[in-house]
Amino acid sequence: MGMNPFEKIQIGDTGVSVPLLGLGTAPLSGGVLGDGLMGVTAHEEAVRVIDRAQALGISYVDTAPLYGAGRAEARVGNSAYASADRDSFVISTKIGRVLDPIEGGITAADDPDGIGDLNAVNSWTRDDVHRSIEESLMRLNMDSVEIIYVHDPDVEPYGEEQALNEAFPALIELREQGVIKAIGCGMNIWDMPLKFIQRFDLDIILLAGRYTLLDHSGLDEFLPVCVESDVKITIGGPYNSGILARDLSKPVTFNYEQAPGHLVEQARKLTEICVSHGIDLKAAALQFVLAHPAVATAVPGAQSTAELEQNIAMVQQDIPSAVWSDMRSAGLIPDNAPTPD
């Protein structure tokens, strides 16, 4: 049996529930993301994709100031979500980057996104948590967001310290005041989030790329603690930035860089098993991560309405249990990884 992408999972006692399939907006931001990963989608096309997600009933959208330096948020704010019933969907954004106007850049008035050219500056201070959320709400055209993640505090030597001493305490206060409902962090590593969970009462962690069909590094130490602590996981990068979603005869990316040979080989073997059972690798990639009891939702990006619709179909696709047993016996997935059967 396939899964229902619209099925809702509760996040602890926050009152927030998220569907198995959400939408990640990094590829819709039209800007350079982190390590030179391009989201090349123009304003109109991006808004069209986000509008389509709303029309299809996708009720969770993840965004961040970093994505296109405000453009991803502004495009969500220009989409059908901004005028939809606010109780019908959940939004998460992040803190850790504040956006300053670029001198001599295009102005908000000349910008289809309505924000002008902005530059992202790393900061996890208490003041910048407040500033960041306030400015995100303006770009999103919304009065509130449900979930705030502390974004990648590992990118600066002082980030972890600022997160521990300032960002998390500030977010805990805002949660106590009811300004936001759920808090956590969004990172590409699992060891720092593990420390954060042990130190603070967090609700949800966005883990990008470290628990996928190809990369099981979060499985043994991190995810069991999440289950014990009732911390839910949002899986970012379920396709490991491309390798699990692209034609492997051409160069593919893993973790936003060119994929190393041994991982391409592993992805080829996974593909062969999927093909032999007549299913899609992307379906296996999504349903594998969603089968873990710690995981609440996955937020693959989509650069087009076709990709968006395909993500929905992939969650729904029927996968015979022999797929998982073949992957196990080939040593491609760990014996202790939960699978949908």
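Can you give me the distance in nm between label points at Glu134 and Val121, each placed 7 Å from the Cα along the Cα-to-Cβ direction?
Going by the 7 Å Cα→Cβ label model, 1.5 nm.
Please give the calculated 222 nm ellipticity per residue for the chain, where each DSSP H segment of at least 4 residues contributes -39500 (n - 2.57) and the sum is spread over every residue; nearest 500 deg cm²/dmol?
Only helices count here, giving -10000 deg cm²/dmol.
Among Glu173, Glu146, which comes first, then next, by fewest other beta-carbon atoms within 10 Å? The partial results should precede the final answer.
On the way: Glu173 14, Glu146 22.
Ascending Cβ contact count within 10 Å gives the list Glu173, Glu146.
Checking a compactness column here: for the range 232-335, what do you get for Rg(Cα) / (2.2 N^0.38 Å), N being the number of residues?
This ratio for the range 232-335 stands at 1.03.
If you keep only loop residues by DSSP, which GluC sites (Glu not before Pro) in the range 46-135 have at most 14 other Cβ atoms within 10 Å of their Cβ?
Taking the range 46-135 and a limit of 14 other Cβ atoms within 10 Å, the loop GluC sites (Glu not before Pro) found are Glu103.
Dipole of the range 197-252 (Lys/Arg Cβ +1, Asp/Glu Cβ -1, origin at the Cα centre): which of Pro251, Phe200, His216 lies farthest to the positive side?
Result: Pro251, furthest along the dipole toward the positive end.
What does the extension gain come out to for Thr253 and Glu221, with contour length at 0.36 nm per residue minus their alpha carbon separation?
Length gained between Thr253 and Glu221: 8.9 nm.
Can you sort Val295, Val98 so the residue with the fewest Cβ neighbours within 10 Å comes first? Walk me through the numbers before you get to the answer.
Values: Val295 23, Val98 19.
Starting with the residue having the fewest Cβ neighbours, the order is Val98, Val295.
Treating the beta-carbon of each Lys and Arg as +1 and of each Asp and Glu as -1, no other charges, what is the dipole magnitude of the range 70-166 about its Cα centre, to the nearest 20 debye?
The dipole magnitude comes to about 280 debye.
Please work out the C-alpha center-to-center distance from the range 195-273 to the range 77-144 and express it in whole Å.
About 27 Å separates the Cα centre of the range 195-273 from the one of the range 77-144.
Kirkwood hydrodynamic radius, computed over distinct alpha-carbon pairs, for the chain: how many Å, to one decimal?
That comes to 20.1 Å for the chain.
What helices does the chain hold that run 24 Å or longer along their axis, going by alpha-carbon atoms, with a Kyte-Doolittle average of 0.5 or more, using DSSP H for the helix calls?
Span-like helices here: none at all.
Evaluate the relative contact order of the chain (contact order divided by residue number), counting alpha-carbon pairs under 8 angstrom at least 6 apart; express in whole percent.
Dividing the mean separation by the residue count of the chain yields 19 percent.
Based on other C-beta atoms within 10 Å, arrange Thr107, Thr63 from fewest to most.
Thr107, Thr63
Could you point to the residue in Ser229, Leu332, Val49 farthest towards the positive end of the chain's charge dipole, with +1 and -1 charges on the Cβ of Lys/Arg and Asp/Glu respectively?
Comparing the listed Cα positions along the dipole, Leu332 ranks first.
Taken together, the values in this text are just the output of simple stated rules run on the coordinates, not laboratory data. Remember, it's a predicted structure, so these values are computed and weren't measured experimentally. As a convention, Cβ positions derive from the backbone with ideal geometry for all residues, glycine included, and neighbour counts pool all protein chains shown.
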